[in-house]
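Encoded as structure tokens, the structure appears first; notes follow it.
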Amino acid sequence: ATAIHREAYAAPAFWIDSVDLTFDLDPTKTRVLNKMRLRRNPDVAAQPLRLDGEELNLARVLVNGGGTSFKMDGEVLVLENLPESHDAFDLEIFTTCNPEKNTQLMGLYVSQGTFFTQCEAEGFRRITYFLDRPDVMASYTVTLRADKTKYPVLLSNGNLVEQGDLEDGRHFAKWVDPHKKPCYLFALVAGQLVAREQRITSRSGTEHLLQVFVRPGDLDKTEHAMNSLMASVAWDEARFGLPLDLERFMIVATSDFNMGAMENKGLNIFNTKFVLANPATATDTDFGNIESVVGHEYFHNWTGNRITCRDWFQLSLKEGLTVFRDQEFSQDMAGIDSARAVKRIEDVRVLRTVQFAEDAGPMAHPVRPDSYVEINNFYTVTIYEKGSEVVRMMQTLVATPTDSLGRAGFAKGMKLYFERHDGQAVTCDDFAQAIADANPGTALAEHLGQFKRWYSQAGTPRLEARGLYNAAERSYTLSLSQTCPATPGQSSKEPFVIPVTLGLLSRDGHVLPLQLAGSEDSTLQRTLVLTENVAHFTFVNLDSEPVPSLLRGFSAPVLLDDGLSADALMCLLAHDSDAFNRWEAGQRLMLQSAVQALGSDADLSNVQALSPALIEALRQVLRHPELDAAFKELTLTLPSENYIADQLSLVDPQRVHTLREAMRLQLATALQADWAWALDHYRTPGAYQSDATSSGRRALRGLAMTMLCLAAVQQGDDVLPGKVYQLFKDASNMTERFNALSALVVSGHTLAQDALGTFHKLFKDEALVIDKWFALQGSAPDRAGDVLPRVRQLMQHPDFNLRNPNRARSLIFSYCSANPAAFHRADAAGYVFWSEQVLALDAINPQVAARLARAMDRWSRLTEPYRSAAKVAIERVAAKADLSNDVREVVSRALN
Ligand code: HT7
Ligand code: ZN
């Protein structure tokens, strides 16, 4: 397959003004009649019409009602003899397809007897011949016809304008979408579904119907999704003045889905994982994820649907912006400042562990890529999470003295963006220009050209900060410098615009005012803007050497080297008013301890890597009378094995694992009494509430249970695990139950097997809970090389099904991507398993296979024998001649 290049973009030779689709739905042979009205694009030289298609059976092509000649170029339908004038003409295409055979879950497919579609990015071409590109926006009328008993509910985008019965027990529904859209936002659903409904009135007084469709029996799990949807509608109107532009907004859940959810206009289709929840089956994390994914898809209604992408290289235009919006939404929903900070920490943790790793590996690409082979491989953490950070920096850089967070300025920028581009397919440049133009005189407007390097340059910049205190002058000079490593195809980088939000503390933890030399203003926090490779900033009127708190709130997606001593980090851990940096100081101290121990030749299983002072500081956090439980849980959680590994140039996964386990045991035993106190103190009596405070308490209790079980197993104590087993059995909600189960599994106590059996029996009919059961076993600590055999055994379990992406992810991905010590085996058996599963999945669902293929992204940093064995496994996959483009692109990049 050949690469597609951003620079090669050309406007389409034809526009499609309207599409009238009629579906005769049948699982094995669905008939699709596609009547389009097209016209030549007057700005493009005359050329044949080339319509994309994939796995379609073509029966008929008519132009203006009459037959026409056509030819096939591969799977592209080419029409050369079209009317030459610029007048509109009719094109009618009749095709059939086989939804039941569609295991890729792209285009039209059947899941548990219900028809669903997934068209982003290029799935519409699997439904009918079309100009399958986002800059072709058309009006859609859709008629669905199907057996009334099997498919009583017939849904598509927009408004239901007509419905009725047909002959032979069939019926029909006709839908008209009032908004033009690109074909990737088309959707249909047909099946036996029931809906939770809610009528709402918007601020402006317009009435809307909200519906959440699920399979009969799941209605009791839709309340939270509906509440999240109502909150999303209200939030977008309040924060950005963006109202719901449809009479009806529908969400439909399916258990067979490649990703999390899809923002089809007015008819969002969701993975059940991000819809279904009740306290008995879903954890706090599930509740939080549902709120954020429902928000995300809803927010796409404006950022993505009303204004869409000109081409797929601009994907972050909608995804980065919409992730930013869903993150802000979740923070606003969390309410209190401390809960906002917790959400920010969680988001940054994902960015740093997953996106930074991507940026340092073979799949590194800019937020706006220059080329791709398979677009499905570019729905990445770089496009989404780093893209969101780029938008967040824009907000920071439009701040003014009266709008210090930049929120008002950013909202003004959004308003201008919609005034300029509503109804259009545009580029990342158009977005950045609108935000800057709405905020003249700000740092963003001043540096816009340079700022846009965040879109064009891949790689994570390193920011070095060094401070020098001059006692005689009572001044402190902060020197900032930046570099960015080479990434595939980009050997040298130009400097970025880096907003560095900072505060200063005295050594005993008091806030110090910031006054830049030459300025009269003094503030407690400010944002410096680094635009050069090196810059110096001098602060005056300081009586003693300050401790700098840099990059507060993670103001830029960079790797910070501030050279701070352990004492300075201890000061920040104890006193920083910025909760993010307070957490970060703890992480840095733990990381320093880990890296130091890994560099020594001590016996890592017995090493006491955490210093007594650090243990004591962490105890102070755990026992702190004012800090939130959620913050405590984050601060007392060690950096992950993958994040520790990211700090090393050569990685021995077994050593990293042994060390982290030793550190965890040290923390478990040194704070044993404190963990027991936390388990008791943070109980949440009464009915389950999913709010931030209650879920924070449960999270800390969960960590306490794990720590206590680890200590108990080491001490040969069965009483405490017995108590946790009782908590598991008596739990009144899934969070507590799963935390207790996980504590037993993670500690390797003998009660774990019994608890796993009980858990399966209790929830055998709850697919999403059984996914958790598989995932927990796939990610269990490997004490005797027994995880892989167990995973292989679980693949034979009657509940396992490789065709279901959630199930495949729960077992196989948990093992290959989230269990490094069990996966990186000296006998290479983990890699053999990986290659087998990538190949098996590729034959079913290339998108899912390619995601699994990425588990080997960082193979070249491994020490021997892992490195050579990993390479052999990747080569084994690459040697398969008929690999999908998806997997081919990933393994080729890995080997290059
Ligand atoms: N815009 C959607 C991305 C998407 C997708 C979803 C489901 C299956 C295949 C898909 N390919 C791309 C989801 C989102 O970001 O909101
Ligand atoms: Zn999205």
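Taking the inverse of the mean 1/r over every pair of distinct Cα atoms in segment 691-833 gives a Kirkwood hydrodynamic radius of 15.8 Å. Think of the chain as a dipole: +1 on every Lys or Arg Cβ, -1 on every Asp or Glu Cβ, centred on the Cα centre; then among Ile375, Gln837, Val511, Gln837 lies furthest on the positive end.
Counting every other Cβ atom within 10 Å of each residue's Cβ, Lys729, Lys265, Lys723, Lys221 order from fewest to most as Lys729, Lys723, Lys221, Lys265.
Under a cut-off of 15 Å between alpha-carbon atoms, report the aspartates and glutamates in cross-link reach of Lys729, not counting same-chain residues fewer than 8 places apart. Cross-link targets: Asp754. Taking every Cα-Cα distance in segment 51-138 and sorting them into 5 Å bins from zero, the calculated P(r) comes out as 3, 13, 22, 22, 19, 12, 7, 3, 1, 0 percent.
Estimated translational diffusion coefficient (Stokes-Einstein, Kirkwood radius over Cα pairs, 37 °C, 0.692 mPa s) of segment 655-773: 222 µm² per second. In vacuo Debye scattering of segment 214-282, one point per C-alpha: log10 I(q)/I(0) at q = 0.11, 0.15, 0.23, 0.27 Å⁻¹? After summing over all Cα pairs, the log10 values are -0.29, -0.53, -1.08, -1.27.
For segment 309-456, the alpha-carbon coordinates run over 45, 36, 28 Å along the three principal axes, in decreasing order.
With only alpha-carbon pairs counted, each pair once and no self-pairs, how large is the Kirkwood hydrodynamic radius of segment 4-299 in angstroms? Please report the intermediate quantities before stating the final value.
Values: mean 1/r = 0.0496 Å⁻¹.
Across segment 4-299, the inverse of the average 1/r is 20.2 Å.
Ordered by packing density, taken as the mean number of other Cβ atoms within 10 Å over each peptide's residues, highest first, how do 127-136, 672-681 rank?
My ranking of the peptides, most packed first, is 127-136, 672-681.
Computed from the C-alpha gyration tensor, the three semi-axes of the ellipsoid equivalent to segment 1-45 are 30, 19, 6 Å, from longest to shortest.
Taking a sphere under 14 Å around the Cβ of Asp165 and counting the other residues whose Cβ falls inside, with K and R at +1 and D and E at -1, yields a net charge of 0. Evaluated over the Cα positions of the chain, the convex hull gives a direction-averaged projected area, one quarter of its surface, of 37.3 nm². Against the main long axis of the alpha-carbon atoms of the chain, helix 579-599 sits at an angle near 70°. Among the listed pairs Lys265/Lys452; Lys632/Lys772; Lys174/Lys265; Lys181/Lys265; Lys452/Lys493; Lys180/Lys265, those whose Cα-Cα separation exceeds 18 Å are Lys265/Lys452; Lys632/Lys772. In plain terms, the C-alpha convex hull of segment 462-563 casts an average shadow of 6.8 nm² when viewed from every direction.
Counting only residues at least eight positions apart within a chain, or on another chain, the lysines with an alpha carbon under 21 Å from that of Lys71 are Lys35. Scaled against 2.2 N^0.38 Å for its residue count N, the alpha carbon radius of gyration of segment 681-734 is 1.23.
Taking one quarter of the surface of the convex hull spanned by the alpha-carbon atoms of segment 537-684 gives a direction-averaged projected area of 10.9 nm².
The coefficient of translational diffusion for segment 763-896, derived via Stokes-Einstein from the alpha carbon Kirkwood radius under 25 °C and 0.890 mPa s, stands at 164 µm²/s.
With the Kirkwood sum run over all distinct C-alpha pairs, segment 121-194 has a hydrodynamic radius of 13.2 Å. Hydrodynamic analysis of segment 170-317 uses the Kirkwood radius over alpha carbon pairs. Inserted into Stokes-Einstein at 4 °C and 1.567 mPa s, it gives a translational diffusion coefficient of 81 µm²/s. Identify all lysines with a Cα-Cα distance to Lys150 below 16 Å; exclude those on the same chain that are fewer than 8 residues away in sequence. Once the sequence-local lysines are set aside, what remains near Lys150 is Lys29. Of the residues Phe800, Thr863, Asn885, the one whose Cα sits farthest toward the positive end of the charge dipole of segment 763-896, with +1 on the Cβ of Lys and Arg and -1 on the Cβ of Asp and Glu, is Thr863.
Once C-alpha pairs closer than 8 Å and six or more residues apart are averaged by separation and normalised to the residue number of the chain, the relative contact order reads 8 percent. Annotation: Cα Rg of segment 268-334 relative to the compact-globule expectation 2.2 N^0.38 Å equals 1.23. Between segment 237-311 and segment 394-447, how many Å separate their Cα centres? For segment 237-311 versus segment 394-447, the Cα centre distance is 25 Å.
Throughout, read-outs are computed from the coordinates displayed, never taken from laboratory work. Given the structure is predicted, the values throughout are model-derived calculations rather than measurements. Ideal geometry is used to build each Cβ from the backbone, glycine not excepted, and the neighbour counts take in all protein chains shown.
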